[in-house]
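Some notes on the structure that comes next.
The values are calculated or read from the model by the stated rules, or taken from the named source; none is laboratory data. Bear in mind the structure is a predicted one, so any value in this text is a computation, not a measurement. Positions of Cβ are generated from backbone atoms using ideal geometry, with glycine treated the same way; all protein chains shown enter the neighbour counts.
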Amino acid sequence: MREFLLVLTLLFAAFPAWPREAPPAADDPAIEQRMSEIALELRCLVCQNQTIADSNAPLAVDLRSEIREQLKQGKSAREIMDYMVARYGDFVLYRPPLKATTVLLWAGPLLLFLVGLAVMFRKIVKRRVQAAALTEAEHEAAAKLLAGSEGDR
C-alpha cells in the first residue's frame with residue numbers, strides 16, 4: 001500500500017510536466033516579439049499577480065490575440081497600451097503610473113507597514129505601563145506565587 005501511495009504521489013507531482021499541445025507558431029516573428037514585449041507590461045486581470053505574457057487564463061489568451069490584431073493593423077505599443085487602459089483602467093498596467101487615482105496602489109503597502117508599527121509600539125507601551133502600575137505588594141505576591149510554582153516542579 002505504501003508503494004502504491006508513493007507512485008501515486010510521484011505521478012501527481014509530475015502532472016504539470018505532462019506534454020501539452022504547443023501554441024501555434026507565429027505567422028510573423030516580429031509581431032510575436034512586439035506582442036511579447038507589450039504583454040509583459042500588462043497585468044492579467046484574472047490572475048492579478050502575473051503579466052498576460054505569463055498567464056494561461058482565457059482572458060490573457062484573448063488579450064494577447066487582441067494585441068496581435070492591433071499590431072497587424074499597424075498600431076504602436078503606446079496606442080495599444082492606451083486602448084487597454086481605456087478599456088480596463090490603470091489596474092491593467094503591471095506598473096501603473098503614479099497619479100491621484102493610483103496613489104493608494106503605491107502608498108498602500110507603506111501605510112499598512114506604518115499602521116502595523118504604530119499598533120505594535122502602542123501595545124508595547126501599554127504592557128510596560130501596566131507592568132509599572134503594579135504596587136510593591138503586588139510584585140511581592142507575584143514573586144511568592146512564582147517561587148511557589150517553581151518549588152512544585
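Does Tyr94 count as of a type in the set (Ser, Thr, Tyr) and touching a Lys or Arg at 6+ places or on another chain (Cβ under 6 Å)?
Spelling it out, Tyr94 is indeed of a type in the set (Ser, Thr, Tyr) and touching a Lys or Arg at 6+ places or on another chain (Cβ under 6 Å).
Can you pull out every residue in region 56-75 that is within 22 Å of the chain's Cα centre (by Cα) and either surrounded by fewer than 16 Cβ atoms within 10 Å (Cβ to Cβ) or part of a loop (DSSP other than H, G, I, E, B) (or both)?
Answer for region 56-75, where residues must be within 22 Å of the chain's Cα centre (by Cα) and either surrounded by fewer than 16 Cβ atoms within 10 Å (Cβ to Cβ) or part of a loop (DSSP other than H, G, I, E, B) (or both): Asn56, Ala57, Pro58, Leu59, Val61.
Between a residue in region 28-47 that is among the small types (Gly, Ala, Ser) and any residue that is in a helix (DSSP H, G or I) and surrounded by fewer than 21 Cβ atoms within 10 Å (Cβ to Cβ), which pairs come within a Cβ distance under 6 Å, given they are 6 or more apart or on different chains?
Partner pairs satisfying both residue conditions: Ala39/Arg64.
Among (1) in a helix (DSSP H, G or I); (2) of a type outside the set (D, E, K, R); (3) modelled with pLDDT under 90, where does Leu134 come up short?
If we test Leu134 against (1) in a helix (DSSP H, G or I); (2) of a type outside the set (D, E, K, R); (3) modelled with pLDDT under 90, just (1) comes out false.
Could we say that Ala53 is in a loop (DSSP other than H, G, I, E, B), aliphatic (A, V, I, L, M) and in the same structural domain as Ile31 (by TED's automatic domain parsing) here?
Numbers: in a loop (DSSP other than H, G, I, E, B): yes; aliphatic (A, V, I, L, M): yes; in the same structural domain as Ile31 (by TED's automatic domain parsing): yes.
Considered against the rule, which asks whether it is in a loop (DSSP other than H, G, I, E, B), aliphatic (A, V, I, L, M) and in the same structural domain as Ile31 (by TED's automatic domain parsing), Ala53 comes out as yes.
Go through (1) outside any helix (DSSP H, G or I); (2) of a type outside the set (A, V, I, L, M); (3) in contact (Cβ under 8 Å) with a residue 40 or more places away in the chain and name the single condition Pro97 misses.
Condition not satisfied by Pro97: (3).
For region 76-94, what are the residues that are within 25 Å of Pro29 (Cβ to Cβ), out of contact with any Leu (no Cβ under 8 Å at 6 or more places or on another chain) and assigned to a loop (DSSP other than H, G, I, E, B)?
Passing the criteria: only Ser76.
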